[in-house]
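Working notes for the structure below.
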Amino acid sequence: MKEKLRQIREKALSDIAGSDGLARLNEVRVAVLGKKGELTAVLKGMKNVAPEERPLVGQMVNETRAAIENALEEKKQQMEALLLEKKLKEEVIDVTLPAKKNKVGHRHPNMVVLDELERIFVGMGYEVVEGPEVEYDYYNFEALNIPANHPAKDEQAKFYVGNDILLRTQTSSVQIRIMEEGRLPIRMIAPGRVFRADEVDATHSPTFHQVEGLVVDKNITFSDLKGTLEAFAHEFFGPEVKVKFRPHHFPFTEPSAELDVSCFKCGGKGCRFCKGEGWIEILGCGMVHPHVLEMSHIDPKEYTGFAFGVGLERITLLKYEIDDMRLLYENDIRFLNQF
Ligand code: DAH
């Protein structure tokens, strides 16, 4: 038995010393220490050893195993060290080479303008809220005083998802959702995406963004609307612009108006930018229609309000003098980097 163990040990150690790679080393390990290995076979033969000799033989087996395991480990470490050294020699890194630049994106002009808008209105005490893009017909039309057969409903070619569910055509729907919550007074702006079945061209897109505004409180008058939107125009386009409220019609406001600002390019004299008009249309606005308040369970005798809606892309194009809306959707970094 002793002789057998000595042979196993000697053969294993010489095999280990002669191994030329980690794979070969593993083969040696399996051949000796594996389930069907030589040393394992000796252990299995222990039952044939006389009981009084077993402790001694057991100790010898353990010593043999330990010696082989040590040799295996030592050889493995040697091999790994050699491999690492070889790799380091092969992979020379030239630290003087210029690094690859990370591609960094750029804030979208829409976002720059939206941040500015939010800054202005939050500064006046407004809250920024959101509403769903997939909306009930009720919130998009009906509760805004646009009943089933109203012509205003046909004007906004729309995407229906179900019988009375559609992709919202205007953010005005958020007015209703906030009024229904019943927390008064209200001072909110609601930015968001809207959808209309329009063909793509320089000024149209089937999806664009609006920012809705709504104020409801006691004693809100048209002069509050004018003062607020004039302050906005001065902050956004510059203190020198003049504002003009032109009568208009929206079903959910009465009276309604469109806000024009004097052309900030020519100062109002008339140029190509303002198409010779001297004025540029900015947004729609008006006093919230009493019936709209009523439908949202607000008493129009106690509360009044004003609302406005502005096209985000529209004022972005104006502010940065971009002449094609499609540029805003291509996200070409060479374009975006300019803002
Ligand atoms: N929702 C209108 C549109 O899409 C814009 C608008 C006009 C919103 C007047 C308003 C408003 O809140 O008072 O054309």
Options Ile298, Ile315; residue that is touching a residue at least 12 places away in the same chain (Cβ under 8 Å), closer than 20 Å to Ala190 by Cα and assigned to a loop (DSSP other than H, G, I, E, B): Ile298
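Considering only residues that are in a loop (DSSP other than H, G, I, E, B) and either among the polar types (S, T, N, Q) or open to solvent by 90 Å² or more (accessible area, probe 1.4 Å) (or both), which ones fall in segment 100-111? Steps first, please.
Narrowing segment 100-111 to residues in a loop (DSSP other than H, G, I, E, B): 100-108.
Lys100, Lys101, Asn102, Lys103, Val104, Arg107, listed by residue number.
So, Gly227, is that one closer than 17 Å to Gly305 by Cα, open to solvent by less than 50 Å² (accessible area, probe 1.4 Å) and more than 13 Å from the ligand (Cβ to nearest atom) or not?
Values: closer than 17 Å to Gly305 by Cα: yes; open to solvent by less than 50 Å² (accessible area, probe 1.4 Å): yes; more than 13 Å from the ligand (Cβ to nearest atom): yes.
Answer is yes for this residue.
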Check on Leu166, within 26 Å of the chain's Cα centre (by Cα) and either of a type in the set (S, T, N, Q) or part of a strand (DSSP E or B) (or both): yes
Options Lys275, Lys301; residue that is at pLDDT 95 or above, farther than 23 Å from Leu117 by Cβ, more than 14 Å from the ligand (Cβ to nearest atom) and of a type in the set (Lys, Arg): Lys301
Residues satisfying the stated conditions in segment 190-204, i.e. in a loop (DSSP other than H, G, I, E, B) and surrounded by fewer than 18 Cβ atoms within 10 Å (Cβ to Cβ): Ala197, Asp198, Glu199, Val200, Asp201, Ala202, Thr203, His204
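Would you check which residues across segment 171-196 are among the small types (Gly, Ala, Ser), within 30 Å of Arg326 (Cβ to Cβ) and touching a Ser or Thr at 6+ places or on another chain (Cβ under 9 Å) and list them?
The initial filter retains those residues of segment 171-196 that are among the small types (Gly, Ala, Ser), namely 172-173, 182, 190, 192.
Still in the running and within 30 Å of Arg326 (Cβ to Cβ): 172-173, 190, 192.
Passing the criteria: Ala190, Gly192.
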Qualifying positions in segment 248-266 - more than 10 Å from the ligand (Cβ to nearest atom), in a loop (DSSP other than H, G, I, E, B) and in contact with a helix residue (DSSP H, G or I) (Cβ under 7 Å, 6 or more places away or on another chain): Phe264
Restricting segment 50-75 to residues that are farther than 16 Å from Arg6 by Cβ and touching a helix residue (DSSP H, G or I) at 6+ places or on another chain (Cβ under 6 Å), the residue that is least open to solvent (accessible area, probe 1.4 Å): Leu72
Residue match in segment 267-276 (condition: assigned to a helix (DSSP H, G or I), open to solvent by less than 70 Å² (accessible area, probe 1.4 Å) and not small (Gly, Ala, Ser)): no
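The values are calculated or read from the model by the stated rules, or taken from the named source; none is laboratory data. Please read all numbers here as calculations on a predicted model, not as lab measurements. Every residue, glycine as well, gets a Cβ built from its backbone with ideal geometry; the counts of neighbours run over all protein chains shown. Areas reflect the complete protein model, heavy atoms only, side chains present, ligands, DNA and RNA absent. Shrake-Rupley method; radii C 1.70, N 1.55, O 1.52, S 1.80 Å.
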